[in-house]
Amino acid sequence: MQAQFITLDGIDGAGKSTNLQVIRNWFATHNLPVYFTREPGGTMLGEALRDILLNPATRAGLRTETLLMFAARQQHLDEIILPKLEAGIHVVSDRFTDATFAYQGGGRGVPLPDIEILENWVQGNLRPNLTLLLDVPLEVSMSRISQAREKDRFEQEQAEFFTRVREVYLKRAASSPEHYAIIDSNRPLEHVRQNIENTLARHFGIAA
Ligand code: TMP
């Protein structure tokens, strides 16, 4: 099997950090070579752009924000993701282009076809082999965000913004079920863990 590109995505407060650990443990248990990374970020330039993008003091128009996400992504692909995959190492990215469709497209209102143009330009044919979409009802997301000590530029948005973000994520997942697994993250942790492990096992053709 070729090295797989797997992404984890979902609205803020969907439980990414907890479930990333589940994914890390799964790869370790099965002794598979894997590299964990995140967006925006993953490279020196990408992390610098991340600081700017998440800083509540930053003023950025919706096109600028979209272009900066893709600038970070281009560097991430060239410097990290593609070389790892070519070396036979699986890559798991905490967020990827689905987040741009959801946040800049759904949330901010950038036309989705414009994002598709950038996606094709930056990524060529590369798409994640599997995206784990963590989903929670909006109230759960909002209540988890409200517990964050300091809210970043996105976490400061209102419920309507996240409603639109979530809608785009769910629509994208529904339109290509072979590439997405929607993980109901509003269940007991043990149940969510099982669901993620079963999904990965199925994808890699390994007995759960
Ligand atoms: P997180 O790593 O804590 O999830 O924070 C990243 C934030 O950046 C999150 O609110 C989603 C946002 N984001 C976008 O708006 N567009 C993107 O393309 C990516 C990768 C992230």
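The values are calculated or read from the model by the stated rules, or taken from the named source; none is laboratory data. Quantities reported herein were computed from a predicted structural model and do not represent experimental measurements. Here Cβ is always computed from backbone atoms with ideal geometry, including for glycine, and neighbour counts include all displayed protein chains.
Could you list, in sequence order, all residues of the range 48-83 that are of a type in the set (Gly, Ala, Ser), without any contact (Cβ under 8 Å) to a residue 12 or more places away in the chain and within 15 Å of the ligand (Cβ to nearest atom)? Scanning the range 48-83 gives Ala48, Ala60, Gly61. The residue list Tyr169, Tyr103 contains one member that is touching a residue at least 12 places away in the same chain (Cβ under 8 Å) and touching a Leu at 6+ places or on another chain (Cβ under 9 Å), which is Tyr169. Within the range 86-130, the only residue that satisfies the criterion of being in a helix (DSSP H, G or I), of a type in the set (Asp, Glu) and under 17 Å from Arg38 (Cβ atoms) is Asp98.
Residues checked against (1) under 27 Å from Glu167 (Cα atoms); (2) assigned to a helix (DSSP H, G or I); (3) at pLDDT below 95:
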residue: Thr7; (1), (2), (3): yes, no, no
residue: Ile11; (1), (2), (3): yes, no, no
residue: Asn19; (1), (2), (3): yes, yes, no
residue: Tyr35; (1), (2), (3): no, no, no
residue: Leu45; (1), (2), (3): no, yes, no
residue: Met69; (1), (2), (3): yes, yes, no
residue: Lys84; (1), (2), (3): no, yes, no
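Residues that are in contact with a Gly (Cβ under 8 Å, 6 or more places away or on another chain) and among the basic types (Lys, Arg) within the range 127-163 comprise just one, Arg144. Listed by first and then second residue, the pairs linking a residue in the range 84-98 that is closer than 16 Å to Ala28 by Cα to a residue that is charged (D, E, K, R) and exposed (fewer than 15 other Cβ atoms within 10 Å of the Cβ), with Cβ atoms under 9 Å apart and 6 or more places separating them unless they lie on different chains, are Val92/Arg24.
Which residue is farthest from Asn19 (Cα to Cα), if the candidates are limited to the range 144-202 and must be in contact with a Ser or Thr (Cβ under 8 Å, 6 or more places away or on another chain) and crowded, with 18+ Cβ neighbours inside 10 Å? Only one residue fits best here, namely Phe162.
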